[in-house]
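The structure under discussion appears below in the form of structure tokens.
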Amino acid sequence: MCGIVGYIGTQAASEILLAGLEKLEYRGYDSAGVATVREGDIHCIRAKGKLQNLRDKLAGDENPAQIGIGHTRWATHGKPEEYNAHPHTDTARRVAVVQNGIVENYRELREELKSRGHEFRSDTDTEVIPHLIAEFLSLLPSNSAVSPHSRFLEAVRQAVNKLEGAFAIAVISADFPDELIVARQQAPLAIGFGSGEFFCASDTPAIVPHTRAVLSLENGELARLTPLGVEVYNFAGDRLKKTPRTLNWNPILVEKQGFRHFMLKEIYEQPGVVRTCLEAYFNDDWTASNEQSPIKLDLPTELCADLEHIQILACGTSWHAGLVGKYLLEQLAGITTTVHYASEFRYAPPPLTAHTLTIGVTQSGETADTLAALSMEQTRRLGKSAEFKARLLGITNRPESSLGQLVSHLIDTHAGIEIGVAATKTFSAQLVAFYCLALELAYRRKSLSTKAIEKILDGLRLLPAQIEMVLESQERYIEELAHDFAETQDFIFLGRGINYPIALEGALKLKEISYIHAEGYPAGEMKHGPIALLDAKVPVVAIAMPGSLVYEKVISNAQEAKARDSRLIGVTAANEGEESDVFDQILPVPLVDELLSPIVTVIPLQLLAYHIASRRGLDVDQPRNLAKSVTVE
């Protein structure tokens with residue numbers, strides 16, 4: 001969940017490292033640091049807190065070093081203090097390391113190294129790595145079969161083979177001032193190819209301002225970067241042939257473009273994201289009379305044929321998208337679907353079922369819990385009979401990610417880079433992916449009439465304009481409404497049916513960025529316990545979309561809350577009659593088919609969370625204790 005960067009070339013490294021860390025600060029911001037090699041020594045500067053604190057410490061330090069590594073931290077082992085900040089060095093301060101991930105066997109390694117005289121200065125798992133590399137360097141003769149130019153690489157290679165866990169590292173040494181070594185095992189790491197200079201980073205936004213030629217390392221690979229080029233090896237030491245790819249990203253995509261926060265920018269990008277996803281997967285040539293599928297997911301027959309069960313593995317916001325997906329897959333395609341927290345699935349997997357499709361949902365494609373659960377599911381189905389064979393599908397915003405390497409088939413959500421830690425546009429894109437998948441399966445299984453499919457497709461095509469309508473009409477009102485909740489400590493969100501997951505998502509957004517305790521409930525469950533929490537200090541947000549008996553029930557549940565003096569806010573398409581009497585405030589959305597309503601009902605809840613947090617003066621894009629890409633279990 002941390003961000004790492006590295007540079008070797010002809011420019012001053014420090015500013016390049018700081019600029020790269022700014023692009024990765026969404027991955028962690030408890031502390032930060034950089035290390036460079038200059039005049040035969042390692043110069044390491046670290047600071048607690050946001051990256052600006054590090055920049056302040058570096059101000060006025062004219063460092064001409066042309067090689068260095070940097071890190072922005074999300075604390076796992078050890079408190080977010082300066083002495084735990086990366087980079088970490090060995091006892092003699094000749095080797096410096098930055099790491100993203102966790103070394104699971106660090107305790108045993110630490111004790112072993114301490115017994116050999118190594119002195120530790122932090123509480124982190126990472127610190128064992130530079131000590132381990134230094135230990136192997138001391139054991140490698142300088143004038144034997146191991147040439148002087150590859151001793152550093154060989155020491156790093158031997159060290160990573162001693163590590164257990166998920167990690168990506170970048171390493172420099174004062175004794176090898178022209179070498180930057182990087183390694184990857186279950187944590188993302190990319191190398192950028194410039195003109196006489198090379199970069200590495202946890203994620204490509206740190207690289208694209210300098211080059212579009214990028215090589216993503218795979219698990220069990222390490223690379224040696226020098227001013228002359230890049231050499232890639234596997235952990236066994238075999239040289240590999242690798243070719244970089246060209247990114248089509250524009251660096252401006254990772255700028256705020258006039259918005260106060262990335263989160264607000266990304267909320268406003270949702271109409272375009274939904275439109276892009278629909279254009280990517282809708283078959284414009286489809287009519288009710290031809291035999292083509294209305295959806296272009298290009299999923300093979302063997303993945304979708306004879307399905308009896310679907311299981312969805314996800315975490316956080318992606319789990320909420322999975323709940324909407326469950327509703328769609330069951331109601332449209334008629335397939336029994338279960339949604340599992342990926343973090344729990346691995347430790348209590350359900351019994352194997354035949355003809356089962358397993359879907360992993362992760363916006364980054366790097367979520368460690370989801371990847372581990374998918375990998376386990378793949379392993380436990382190996383060698384089983386045909387009906388129990390593994391069928392894996394991924395839904396992600398990053399097809400080049402670890403998820404893309406793990407599963408054979410992907411649905412790319414086409415959301416573009418998302419910087420704000422609280423997911424917004426990637427959630428909407430995941431919902432569109434599930435609509436497309438459910439319709440594709442419904443068409444193949446003949447569980448919906450072509451007329452019903454056509455009606456849903458027509459409704460989906462209208463959604464981008466309807467999201468724009470909500471943004472244009474509601475943001476100023478919601479910004480003013482947020483002033484009323486500057487001191488609020490608790491919120492309740494209610495929804496039923498397909499909008500129950502949206503209540504959960506609304507509560508999560510508020511928790512993540514405003515630090516207000518918020519809970520989402522099925523509206524009918526309020527009277528079974530949570531109603532005891534309600535009073536005049538606890539606002540209730542109820543999602544009530546006309547279209548079924550569920551609507552009447554939500555209105556009834558809302559009245560129960562109002563009878564307990566709760567301030568009642570309604571997200572609804574109705575704005576008169578009984579509704580205006582029940583709700584103290586209404587956040588109106590367009591009248592859409594209830595089946596399609598989650599994509600419009602989530603917008604006011606995102607805006608409400610954003611403006612409450614902004615009104616409180618909080619860091620919306622980088623909320624405390626969180627990180628964008630959760631690459632540790």
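Quick notes on this structure:
- Counted by neighbouring Cβ atoms within 10 Å, the residues S473, S31 run from fewest to most as S473, S31.
- Largest-first principal axis extents, alpha carbons of region 368-493, Å: 60, 41, 29
- Rounded to the nearest Hz, the phi-derived 3J(HN,Hα) couplings of region 8-25 under the Karplus curve 6.51 cos²θ - 1.76 cosθ + 1.60 (θ = phi - 60°) are 9, x, 10, 8, 5, 6, 4, 5, 5, 5, 4, 4, x, 5, 4, 6, 10, 5, where x marks glycine and proline.
- Per residue of the chain, the DSSP helices (runs of n ≥ 4 H) give a summed -39500 (n - 2.57) that works out to -11000 deg cm²/dmol at 222 nm.
- Interchain or long-range residues, amide H under 5 Å from R38's placed H: H43
- Percent of Cα pairs in region 36-150 per distance bin of 10 Å, from zero to the largest separation: 13, 40, 33, 13, 1.
- Spread over its residues, the convex hull of the C-alpha atoms of region 3-254 is 114 Å³ per residue.
- In degrees, nearest ten, helix 316-331 long axis to first principal axis of the chain (Cα): 40 degrees
- Residue exposure sequence - M263, M376 - by fewest surrounding Cβ within 10 Å: M376, M263
- Sequence-distant residues sharing a close amide H with H309 (under 5 Å, placed H): L357
- DSSP-assigned coil residues among trypsin sites (Lys or Arg not before Pro) in region 58-120, each with at most 11 further Cβ atoms within 10 Å: R116
- Fraction of C-alpha pairs exceeding 20 angstrom in region 24-100: 27 percent, rounded to a whole number.
- Distance histogram for region 98-245 (every C-alpha pair counted, 5 angstrom bins, percent rounded to whole numbers): 2, 10, 19, 22, 20, 15, 8, 3, 1, 0
- By the count of neighbouring beta-carbon atoms within 10 Å, fewest first, T89, T336, T276, T246 end up ordered T246, T336, T276, T89.
- Farthest positive-ward along region 3-254 dipole, Cα basis, beta-carbon charges - from G101, G117, V37: G101
- Considering only the Cα atoms of region 409-553, their convex hull presents on average a projected area of 11.5 nm².
- The chain: angle of helix 500-514 to the longest principal axis, Cα-based, in degrees nearest 10: 50 degrees
- Positive-pole candidate from N248, T426, Q466, dipole of the chain, charges at beta carbon: N248
- Fraction of beta bridges assigned by DSSP in the chain that are antiparallel (%, nearest 5): 60 percent
- Computed over all pairs of different Cα atoms, the Kirkwood value for the hydrodynamic radius of region 474-619 is 14.8 Å.
- Between E111 and F259, the modelled label-to-label distance comes to 5.0 nm, taking each label 7 Å out from Cα in the direction of the beta carbon.
- Placing dummy labels 7 Å off each Cα toward the beta-carbon, the span from E330 to E479 is 4.1 nm.
- Rounded to whole Å, sorted largest first: equivalent-ellipsoid semi-axes of region 256-448, Cα gyration tensor: 27, 22, 13
- Note, ³J(HN,Hα) from phi for region 137-142, Karplus 6.51, -1.76, 1.60, rounded to Hz, x at Gly and Pro: 4, 5, 8, 8, x, 7
- Sites listed here are chymotrypsin sites (Phe, Trp or Tyr not before Pro) in region 314-412 whose DSSP assignment is loop and whose Cβ has at most 16 other Cβ atoms within 10 Å: Y347.
- 3J(HN,Hα) couplings calculated from phi for region 445-451 with the Karplus curve 6.51 cos²θ - 1.76 cosθ + 1.60 (θ = phi - 60°) are, in sequence order, 8, 6, 7, 10, 6, 4, 5 Hz; Gly and Pro show x.
- Axis angle, to the nearest 10 degrees, between helix 270-281 and the longest C-alpha principal axis of the chain: 90 degrees.
- D284-S408 pseudo-label distance in nm [points 7 Å out on the Cα-to-Cβ vector]: 3.2 nm
- Convex hull of alpha carbon positions in the chain: directionally averaged projected area 29.9 nm².
- In this structure, the amide hydrogen of R391, modeled 1.01 Å from its nitrogen in the peptide plane, lies closer than 5 angstrom to those of T358, counting only residues at least 5 positions away or on a different chain.
- Sparsely packed loop sites in region 390-452 (the trypsin sites (Lys or Arg not before Pro) outside DSSP H, G, I, E and B with at most 16 other Cβ atoms within 10 Å) comprise K446.
Values in this text are rule-based calculations from the coordinates and carry no lab data. All figures in this text were calculated on a predicted structure; none of them were measured in a lab. Because the Cβ atoms are built from the backbone with ideal geometry, glycine has one as well, and the counts that use them run over all protein chains shown.
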